[in-house]
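Sharing a structure below in structure tokens format, with a few things to ask.
The values are calculated or read from the model by the stated rules, or taken from the named source; none is laboratory data. Only a predicted model underlies this, so the values are computations on that prediction, with no experimental measurement involved. With ideal geometry, Cβ positions are generated from the backbone for all residues, glycine too; neighbour counts draw on all protein chains shown. The accessibility values were calculated without ligands, DNA or RNA, using every heavy atom of the protein model including side chains. Shrake-Rupley method; radii C 1.70, N 1.55, O 1.52, S 1.80 Å.
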Amino acid sequence: MNKIITIGVYGFDKDSFFKAILDAKIDTFCDIRLRRGMRGSEYAFVNSESLQKQLRELGIRYIHVKNLAPSQAIREKQKHEDEMLGIAKRNRKALGHTFIQEYEKECLSHFNSDEFLTIIGPEAKIVGLFCVEREPEACHRSLVANWLSRDLGLSVEHIRSSVIY
């Protein structure tokens, strides 16, 4: 693996989302969501089956790495903090301190970068870490990317949509 790219779906439409992935030359797409579905039609293109079909047509490997998804309990803590601050999930700019601590304890403390390399395989050169939030700092994908960057000495690039909520 040579590089890590992170991307969220909020703010993209189908065409711009897949164009961003192609422009970044992602060859292995790692979905790190717990639930791989989106409500409503706006982001239906990233529901698991549709997403996998489109990536397959583009020649991009799809891997679901469920053990990197935060548990519902951790997500609820972030939701509670967002509510206390009056921030909608789509408008969040950064993860809360409690979320980060709990995520590191529950997921990253058991995470092995070498095992991740085995999961994605030797053919993976540019790996995309995917979740939904527009801002990488507002999503656990940035925590995973930073962890891999430190462990493996890889560069990280964050792709954002141009749409700002």
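Quick check on VAL65: is it within 21 Å of HIS158 (Cα to Cα) and either in contact with a strand residue (DSSP E or B) (Cβ under 7 Å, 6 or more places away or on another chain) or modelled with pLDDT under 95 (or both)?
The answer is yes for VAL65.
List, please: which pairs have Cβ atoms under 8 Å, are six or more places apart or on different chains, and start with a residue in the range 89-109 that is open to solvent by less than 70 Å² (accessible area, probe 1.4 Å) and end with one that is among the charged types (D, E, K, R) and part of a loop (DSSP other than H, G, I, E, B)?
ARG92/GLU133; ARG92/GLU135; ALA94/GLU135
Has the range 30-45 got any residue that is aromatic (Phe, Trp, Tyr) and within 13 Å of the chain's Cα centre (by Cα)?
no
Given the criteria part of a helix (DSSP H, G or I) and modelled with pLDDT of 95 or more, does ILE100 qualify?
yes
May I pose another question? Mind listing just one residue for me: the one in the range 28-54 that is within 20 Å of LYS89 (Cα to Cα) and small (Gly, Ala, Ser) and, of those, most open to solvent (accessible area, probe 1.4 Å)?
SER41
Continuing with the same structure: Quick check: anything in the range 19-27 of a type in the set (A, V, I, L, M), open to solvent by 60 Å² or more (accessible area, probe 1.4 Å), part of a helix (DSSP H, G or I) and at negative phi?
Yes, the range 19-27 contains at least one residue that is of a type in the set (A, V, I, L, M), open to solvent by 60 Å² or more (accessible area, probe 1.4 Å), part of a helix (DSSP H, G or I) and at negative phi.
OK, next. Scan the range 71-82 and give yes if some residue there is small (Gly, Ala, Ser) and either in contact (Cβ under 8 Å) with a residue 40 or more places away in the chain or buried (at least 17 other Cβ atoms within 10 Å of the Cβ) (or both), otherwise no.
No; the residues of the range 71-82 include none that is small (Gly, Ala, Ser) and either in contact (Cβ under 8 Å) with a residue 40 or more places away in the chain or buried (at least 17 other Cβ atoms within 10 Å of the Cβ) (or both).
If you don't mind, there's one more thing I want to ask. Within the range 4-12, is even one residue open to solvent by 10 Å² or more (accessible area, probe 1.4 Å) and under 24 Å from GLU102 (Cβ atoms)?
There is at least one residue in the range 4-12 that is open to solvent by 10 Å² or more (accessible area, probe 1.4 Å) and under 24 Å from GLU102 (Cβ atoms).
Looking only at residues in the range 28-68 that are among the β-branched types (Val, Ile, Thr) and part of a loop (DSSP other than H, G, I, E, B), which one is farthest from LEU143 (Cα to Cα)?
ILE60
If I ask for residues that are touching a strand residue (DSSP E or B) at 6+ places or on another chain (Cβ under 7 Å) and farther than 16 Å from ARG56 by Cα, which ones from the range 21-34 would you list?
Those that are touching a strand residue (DSSP E or B) at 6+ places or on another chain (Cβ under 7 Å) and farther than 16 Å from ARG56 by Cα: ALA24, ILE32.
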